[in-house]
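Below is one structure, written out as structure tokens; the observations come after it.
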2 protein chains.
Amino acid sequence: MDNFEFYRPTQYFFGQGESARVGERVAALGKKSVLLVYGGGSAVRSGLIDSVEKSLESFGIAYVAVGGVQPNPRAALVYTCIEKGRDANVDFVLAVGGGSVIDTAKAAAVGIPHEGDFFEDFYIKGMQPTAGLPHGCVLTIPAAGSEGSNSAVIQKEVDGKVIKQGLSSQFNVPRFAVMDPTLTMTLPDYQTACGATDMMAHVMERYFTNTTDVSITDRICEAVLLSIIETVPRVLEDPHNYGARANLMWAGTLAHNNLCGVGREQDWATHHLEHQLSALYDCAHGAGLAVMFPAWMEYTLNHNVMRFAQFAHRVMGVEMDFADPVNTAREGIVRLRHFFKSIGMPVSFKELGAREEDIPALLNLLGIDKHSEGHFVVLGRDDCEKIYRIAAHCDD
Amino acid sequence: MDNFEFYRPTQYFFGQGESARVGERVAALGKKSVLLVYGGGSAVRSGLIDSVEKSLESFGIAYVAVGGVQPNPRAALVYTCIEKGRDANVDFVLAVGGGSVIDTAKAAAVGIPHEGDFFEDFYIKGMQPTAGLPHGCVLTIPAAGSEGSNSAVIQKEVDGKVIKQGLSSQFNVPRFAVMDPTLTMTLPDYQTACGATDMMAHVMERYFTNTTDVSITDRICEAVLLSIIETVPRVLEDPHNYGARANLMWAGTLAHNNLCGVGREQDWATHHLEHQLSALYDCAHGAGLAVMFPAWMEYTLNHNVMRFAQFAHRVMGVEMDFADPVNTAREGIVRLRHFFKSIGMPVSFKELGAREEDIPALLNLLGIDKHSEGHFVVLGRDDCEKIYRIAAHCDD
């Protein structure tokens, strides 16, 4: 097991009715002036934004609101947030929405006290923030795990090229996360399934590691995956099943607060391979992951057959083939793809609306000529190309 | 799933070499004057206390030390800590040791700013602390999980009766926990096994619940139990196996930071039944739990056979008997007792050195005439007596 630090001082308020108490949560931190960040339609139409604003008002908390965050959140809106937040002299940032909204709020929170261009400095040059406003969230889409993570992903077009990039920083960890499963009951099936796929990918990026002897973290990873796999079909069967929605929502937090990753090297190649798909086609991140993860697994399987066999047996319920474990390992990937299909996810380029002829463009976006990808297997340009081709051809 | 709050702002510094950096950790919090609490022999003999003191000195941090904490930590030493801490005007409490040392430090941290008698007010009258000094720890015994929990257990003789009582409070959550598995390599086998048993009990107290549909927390509980069960024999086989020691140490934290308990009713009857054994016989808490938990399980099995069958199948690896699940459930308890025996734990009164004729005294200490115990099954005096008798007779 590798040495590690783990520090997740987020206060979770989990359960039905919690979203009406957000003003109380901000007031408890002694904050007076909030930058309120949200997305579009549904949070407004459902009355959630209204109720959050009323809750802030009832505690005498001023706010300035910025709506319109899109999936694959754009830097442009972060600049707007930074400007409005500075003008109003806010002392707190509150996100109401899913991962894109929370990531926009996180980027604004470190951007507001920063003198330079937040995207260029933190997301391109790789500088680390040295200050940040405190922030919290009301989560409406269980998926990205941003409510408990130290990372934020922002997208920007620079010199005609779409850059989708993440930043990890302790300043990105929310002070609180309000998690009310009832808010997720109206999510469309496709979005629910995309979210669940993203959660699973967050665990699997940490599961496939070369670090040996981290049994406790392995078992935690398997636990989160098993819970998601048994819960998603229940949610899709009955979207108003509170218990199922609640289990899925909390699983999404545990999938990405790094409890599943401590003490070991992590991979993250598949996330980066996918980011280029959603950058190029503006597809859902989860859908892109459902296509790319099995492809990555097929390509890397021989690097550690027993690790894939363990995944297949413990997570996908495949009987162990002791005579030839590679059969077990392969069957695990087959079942994972089958699971993704069963919850309505695409598993091939064609189903996603991606094109094989765009692979050079994807590799270009990935910038793979300048660096390698992944850790479980270190991938160069040829490897990444082959993985994209597996995804392009898997339904041949 | 029940609504819940979860807030564990402890910063973990995990890995070999971390204990030499404790001065840096205290300095990072801006603290200048430390009450240093430790136990006895081994931490001094090993040079650990010396190295911690040097680390504090190198960051210009003053300290006043109180050693001599015993297992089943006594209030008397907490009073000493409070007095010394006040005299030196400390702004931080640092525990170096296992659960008893950390709990003593926690009690001192809330006792120092409290005007009244800490034990009478917090531990007998049930008042909640409204202030507390910040505190941290260097963990040397993985067991109690106090490094990540919000609870502290202290023992005191009041009017000739030994009271062993816990206090849960957010002020009890450490600011940081330094966890260096190499410090645990010299623990005797018996103490290692007692610690592992305590960890397992922390999970099982949360596993047997009447709250339905908390799959994610169930799976996390099972993960922690599975990891402990597969790791303890490796530690006993080779006490200097770093990876095995590291897995066990982190499992102990996850077993009791309430990740295994969120969203559900918990039980804790077995802990209370055991506390009277260790109060009366001054036996190791873990050893008492190895005796009491299977006894409690036998007594409560019929309350929810399928829950015990799930435990038996998923944790103890028992094949499911679909025709008669009670066989699976019972076999789970048999295997648990067998596991405890295999790691050197007592499983009966006789092996523990307890006496059946003391059962009335145990019930008296428990104070069971004034309240009930447990939640999974609510236990009255007769129930508790029967559970003690199962423990007394299980090796007949």
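In contact with a Ser or Thr (Cβ under 6 Å, 6 or more places away or on another chain) and part of a strand (DSSP E or B): which single residue out of B:Val37, B:Val22, B:Val64, B:Val69 fits that description? Please lay out each step first, then the result.
Details: B:Val22 fails: part of a strand (DSSP E or B); B:Val64 fails: in contact with a Ser or Thr (Cβ under 6 Å, 6 or more places away or on another chain); B:Val69 fails: part of a strand (DSSP E or B).
Checking each option against the conditions leaves just B:Val37.
Please work out if B:Glu24 is more than 24 Å from B:Val78 (Cβ to Cβ) and in contact (Cβ under 8 Å) with a residue 24 or more places away in the chain. Steps first, please.
Details: more than 24 Å from B:Val78 (Cβ to Cβ): yes; in contact (Cβ under 8 Å) with a residue 24 or more places away in the chain: yes.
So B:Glu24 fits the description; yes.
Report yes if some residue within the stretch A:144-159 is in contact with a strand residue (DSSP E or B) (Cβ under 9 Å, 6 or more places away or on another chain), modelled with pLDDT of 95 or more and farther than 24 Å from A:His202 by Cα; otherwise report no.
No - not one qualifying residue is present in the stretch A:144-159.
Can you name every residue in the stretch B:212-256 that is within 10 Å of chain A (Cβ to nearest Cβ) and either modelled with pLDDT under 95 or not in a helix (DSSP H, G or I) (or both)?
Selection gives B:Thr212, B:Asp213, B:Val214, B:Asn241.
Within the stretch B:25-34, which residues are outside any helix (DSSP H, G or I) and either under 30 Å from B:Gly263 (Cα atoms) or β-branched (Val, Ile, Thr) (or both)?
The first filter runs over the stretch B:25-34 and keeps only residues outside any helix (DSSP H, G or I), leaving B:29-34.
Passing the criteria: only B:Val34.
For the stretch B:15-30, indicate whether the set of residues that are under 30 Å from B:Thr209 (Cβ atoms), open to solvent by less than 10 Å² (accessible area, probe 1.4 Å) and within 14 Å of chain A (Cβ to nearest Cβ) is non-empty. Before you say what the answer is, go through the steps one by one.
In the first step, residues of the stretch B:15-30 are kept if they are under 30 Å from B:Thr209 (Cβ atoms); the result is none.
Looking for residues that are under 30 Å from B:Thr209 (Cβ atoms), open to solvent by less than 10 Å² (accessible area, probe 1.4 Å) and within 14 Å of chain A (Cβ to nearest Cβ), one finds none in the stretch B:15-30, hence no.
What residue, among those in the stretch A:186-245 that are among the hydroxyl-bearing types (Ser, Thr, Tyr) and farther than 18 Å from B:Trp250 by Cα, is surrounded by the most Cβ atoms within 10 Å (Cβ to Cβ)?
Keep residues of the stretch A:186-245 that are among the hydroxyl-bearing types (Ser, Thr, Tyr), which gives A:186, A:190, A:192, A:197, A:207, A:209, A:211-212, A:215, A:217, A:227, A:231, A:242.
Retained after the next criterion (residues that are farther than 18 Å from B:Trp250 by Cα): A:186, A:190, A:192, A:197, A:209, A:227, A:231, A:242.
Working: A:Thr186: 13, A:Tyr190: 15, A:Thr192: 24, A:Thr197: 28, A:Thr209: 22, A:Ser227: 24, A:Thr231: 24, A:Tyr242: 16.
Restricting to residues being among the hydroxyl-bearing types (Ser, Thr, Tyr) and farther than 18 Å from B:Trp250 by Cα, the top hit is A:Thr197.
Output the qualifying pairs, or none if there are none: Cβ atoms under 7 angstrom, residues six or more apart or on different chains, first residue in the stretch B:151-176 and over 30 Å from B:Tyr12 (Cβ atoms), second residue at pLDDT 95 or above and open to solvent by less than 10 Å² (accessible area, probe 1.4 Å).
B:Lys156/B:Ala75; B:Lys156/B:Phe119
For the stretch A:262-313, name all the residues that are within 14 Å of chain B (Cβ to nearest Cβ), within 19 Å of A:Arg337 (Cα to Cα) and not polar (S, T, N, Q).
Across the stretch A:262-313, the qualifying residue is only A:His313.
All but one of (1) within 28 Å of B:Cys384 (Cα to Cα); (2) at pLDDT 95 or above; (3) open to solvent by less than 10 Å² (accessible area, probe 1.4 Å); (4) of a type in the set (S, T, N, Q) hold for B:Ser278; which doesn't?
(2)
If you go through the stretch A:265-282 one residue at a time, how many are touching a helix residue (DSSP H, G or I) at 6+ places or on another chain (Cβ under 6 Å) and not in a helix (DSSP H, G or I)?
Here the count works out to 3.
Looking at A:Val334, A:Val326 in this structure, which one is assigned to a helix (DSSP H, G or I), more than 23 Å from A:Leu236 (Cβ to Cβ), open to solvent by 20 Å² or more (accessible area, probe 1.4 Å) and of a type in the set (A, V, I, L, M)? Full working, then the answer.
Numbers: A:Val334 fails: more than 23 Å from A:Leu236 (Cβ to Cβ).
After ruling out the rest, the residue left standing is A:Val326.
Which one of these is under 28 Å from A:Pro188 (Cα atoms), hydroxyl-bearing (Ser, Thr, Tyr) and open to solvent by 10 Å² or more (accessible area, probe 1.4 Å): A:Ser372, A:Ser342?
A:Ser342
Would you point out the residue of the stretch A:1-14, among those that are of a type in the set (S, T, N, Q) and outside any strand (DSSP E or B), that is surrounded by the fewest Cβ atoms within 10 Å (Cβ to Cβ)? Full working, then the answer.
Of the stretch A:1-14, the ones of a type in the set (S, T, N, Q) are A:3, A:10-11.
Adding the requirement that they be outside any strand (DSSP E or B) leaves A:3, A:10.
Details: A:Asn3: 16, A:Thr10: 21.
The qualifying residue surrounded by the fewest Cβ atoms within 10 Å (Cβ to Cβ) is A:Asn3.
I need the full set of residues from the stretch A:4-14 which are in contact (Cβ under 8 Å) with a residue 60 or more places away in the chain and within 7 Å of chain B (Cβ to nearest Cβ), in order please.
Filtering the stretch A:4-14 down to residues in contact (Cβ under 8 Å) with a residue 60 or more places away in the chain leaves A:4, A:6-14.
Those that are in contact (Cβ under 8 Å) with a residue 60 or more places away in the chain and within 7 Å of chain B (Cβ to nearest Cβ): A:Phe4, A:Phe6, A:Tyr7, A:Pro9, A:Gln11, A:Tyr12, A:Phe13, A:Phe14.
Return the residues of the stretch A:348-385 that are of a type in the set (S, T, N, Q) and assigned to a loop (DSSP other than H, G, I, E, B); say none if nothing qualifies. Steps first, answer last, please.
Going through the stretch A:348-385, the residues of a type in the set (S, T, N, Q) turn out to be A:348, A:364, A:372.
Answer for the stretch A:348-385, where residues must be of a type in the set (S, T, N, Q) and assigned to a loop (DSSP other than H, G, I, E, B): A:Ser348, A:Ser372.
Determine whether the stretch B:283-293 contains at least one residue that is more than 30 Å from B:Gly15 (Cβ to Cβ) and open to solvent by 10 Å² or more (accessible area, probe 1.4 Å).
Yes, because at least one residue in the stretch B:283-293 is more than 30 Å from B:Gly15 (Cβ to Cβ) and open to solvent by 10 Å² or more (accessible area, probe 1.4 Å).
With the structure loaded, tell me whether B:Gly47 is more than 20 Å from B:Thr80 (Cβ to Cβ), within 14 Å of chain A (Cβ to nearest Cβ) and modelled with pLDDT under 95 or whether it fails that test.
On the way: more than 20 Å from B:Thr80 (Cβ to Cβ): yes; within 14 Å of chain A (Cβ to nearest Cβ): no; modelled with pLDDT under 95: yes.
So B:Gly47 does not fit the description; no.
Which one is farthest from A:Val162 (Cα to Cα), of the residues in the stretch A:65-82 that are open to solvent by less than 30 Å² (accessible area, probe 1.4 Å) and aliphatic (A, V, I, L, M)?
The qualifying residue farthest from A:Val162 (Cα to Cα) is A:Val66.
Looking only at the stretch B:127-154, count how many residues are over 18 Å from B:Gly195 (Cβ atoms), under 17 Å from the mean Cα position of the chain (by Cα) and open to solvent by 10 Å² or more (accessible area, probe 1.4 Å). So that I can check it myself, show each step before the final result.
Going residue by residue through the stretch B:127-154, those that are over 18 Å from B:Gly195 (Cβ atoms) are B:127-136, B:150, B:154.
Narrowing the set further to residues that are under 17 Å from the mean Cα position of the chain (by Cα) leaves B:136, B:150, B:154.
Going one step further and asking which of them are open to solvent by 10 Å² or more (accessible area, probe 1.4 Å), we end up with B:150.
Count: 1.
Which condition number in (1) more than 14 Å from chain A (Cβ to nearest Cβ); (2) open to solvent by 10 Å² or more (accessible area, probe 1.4 Å); (3) within 21 Å of the chain's Cα centre (by Cα) is the one that B:Val37 fails?
All conditions are met except number (2).
If a residue has to be among the aliphatic types (A, V, I, L, M) and within 16 Å of A:Gly97 (Cα to Cα) to count, how many in the stretch A:4-38 make the cut? Even if it seems obvious, please write down each step before you answer.
At the first step, the residues of the stretch A:4-38 found to be among the aliphatic types (A, V, I, L, M) are A:20, A:22, A:26-29, A:34-37.
Of the ones still in play, those that are also within 16 Å of A:Gly97 (Cα to Cα) are A:20, A:22, A:34-37.
Going through the stretch A:4-38 one residue at a time, the tally reaches 6.
What's the number of the condition B:Ala196 fails, among (1) away from chain A (no Cβ under 14 Å); (2) within 16 Å of the chain's Cα centre (by Cα)?
Failing condition for B:Ala196: (1).
Suppose we keep only residues that are of a type in the set (A, V, I, L, M) and more than 19 Å from the chain's Cα centre (by Cα) within the stretch A:83-109. Which one would you say is nearest to A:Ser168 (Cα to Cα)?
First pass over the stretch A:83-109, keeping only residues of a type in the set (A, V, I, L, M): A:88, A:90, A:93-96, A:101-102, A:105, A:107-109.
Next, only the ones that are more than 19 Å from the chain's Cα centre (by Cα) stay: A:88, A:90, A:93.
Working: A:Ala88: 27, A:Val90: 23, A:Val93: 18 Å.
Taking the candidates together, the pick is A:Val93.
The values are calculated or read from the model by the stated rules, or taken from the named source; none is laboratory data. Nothing here was measured: the structure is a model prediction, and the numbers come from that model. Because the Cβ atoms are built from the backbone with ideal geometry, glycine has one as well, and the counts that use them run over all protein chains shown. Surface areas here come from the heavy atoms of the whole protein model, side chains and all, with no ligands, DNA or RNA. Shrake-Rupley method; radii C 1.70, N 1.55, O 1.52, S 1.80 Å.
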